[in-house]
Amino acid sequence: MHAFELVHPADLPEAIDLLRASPDSRLIAGGTDLVPIMRSGVQEPSRLVSLREIEGLDRIALRDRTLEIGALARLADLESHSLIVDHVPMLTEAIAQIASPQVRSAATLGGSLCQASRCWYYRGPFHCWLKGGEVCYAEHGDNRHHALFSGSPCITVHPSDTAVVLSCLGASVTVAGAHGSREMPLSEFFALPTPGHRALTVLEPGEIVTAVRIPLGGAESRGIFVKAMDRAAFDFALVSVAALVRFDGARVSEARIVLGGVAPIPWQARGSEGALIGHSLDDPTIDRAAAAAVDGARPLSMNAYKIPLTRALVRRALADLVPP
């Protein structure tokens, strides 16, 4: 591993200044994603800016029907925290399927949202498009785990299960930078990579994710997270589905379905949502929503299996949300 300096700022302004002073600096919290990248030589920062000493970034609180979670909150703590279990159990469902208990005890929520691509070309010795090259090697290479939807020269898939669930929950994220703080919906925080911004988020140099806010729905809402993996546990999603529905009597009044493992960002299945609104969750409605989830999908040479898998997971998720 390349030699680096490790610094421990006392507060956010100092951390931001340290990041801006050295363009190749990187933030470190749990280090569960960054350290493997450094070991493989994909990133070789000269300075790591630790957030561990900054107070308040691990808070978990409920204020005015909004759940506020600090970016340094560890996944293991979220998995068992009473506020999360009671108010957003679909988030605990997702966290319980992330990596191993050892990883969850170190990994943070902010780090989970800001993970780098898991594409083996990005993580390997290839100067791929996302790393600033000219070619996406997955397009004509081994693309078993890659995107069905993209709209970008990069066809990686977003690796974060928490990102899928929080996007489904309508969460927002707060980031701090040299010009103050800004808050945005997660749907705007994640962005398809472009030639001018080859990244999976809109974070600018020197910006730090500080918190996530989740608006809480009423008792009439029901949510679920389901995930298909190559292995039975401790693996990234081949496809995942977060679904949230609200009912007006027996009919769906609001629906949000977000897919993981199918695009460089958490992918909102708007066609599926539209197929549910105004209908009861009966078998024909669920079948229509499942079919609509893959409208516009463009399978690659090795990942067409994701189309029936996505349909099946959407069907399973919605069937589990049928009111008793």
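The values are calculated or read from the model by the stated rules, or taken from the named source; none is laboratory data. None of these values were measured; they are calculated from a predicted model. Please note: Cβ atoms are built from the backbone with ideal geometry, for glycine as well, and neighbour counts cover all protein chains shown. Each accessible area value is taken on the protein alone, full model and side chains, heavy atoms only, with ligands, DNA and RNA left out. Shrake-Rupley method; radii C 1.70, N 1.55, O 1.52, S 1.80 Å.
When the chain is described by a simple charge dipole with +1 on each Lys and Arg Cβ and -1 on each Asp and Glu Cβ, the residue from 173, 70, 232 located farthest towards its positive end is 232. Mean separation of Cα pairs under 8 Å and 6 or more residues apart, divided by the residue count, gives the chain a relative contact order of 16 percent.
Rounded to the nearest 20 Debye, what is the dipole magnitude of the range 45-190 about its Cα centre when Lys and Arg each give +1 and Asp and Glu each give -1 at the C-beta?
Details: 12 positive and 15 negative charges, 66 e Å.
Dipole magnitude for the range 45-190 comes out near 320 debye.
Take every Cα pair under 8 Å whose residues are at least 6 apart in sequence, average their separation, divide by the length of the range 271-324, and the relative contact order is 37 percent. Surface composition of the range 1-57: carbon and sulfur atoms hold 48% of the protein heavy-atom accessible area at a 1.4 Å probe.
Mind putting a number on the dipole of the range 1-47 about its Cα centre? Charges go on the C-beta only, +1 for Lys and Arg and -1 for Asp and Glu, and I need it in Debye to the nearest 20.
Values: 4 positive and 7 negative charges, 31 e Å.
Charge dipole of the range 1-47: 140 debye, to the nearest 20.
Each peptide in 277-284, 124-131, 245-252, 65-72 receives the mean, over its residues, of other Cβ atoms within 10 Å, and ordering these scores from highest gives 65-72, 124-131, 245-252, 277-284. All Cα-Cα distances of the range 161-311, cut into 5 Å bins from zero to the largest, leave 2, 9, 16, 18, 19, 16, 11, 6, 3, 1, 0 percent in each bin in turn. Pairs of Cα atoms nearer than 8 Å and 6+ residues apart set the relative contact order; for the range 25-68 it is 38 percent.
Among rounded, prolate and oblate, which fits the range 180-250 when a ≥ b ≥ c are the square roots of the eigenvalues of its C-alpha gyration tensor, a/c under 1.5 means rounded, and a/b larger than b/c means prolate?
It comes out oblate by the Cα gyration axes.
Compared with the dominant Cα axis of the chain, that is its longest principal axis, helix 12-21 is turned about 70°.
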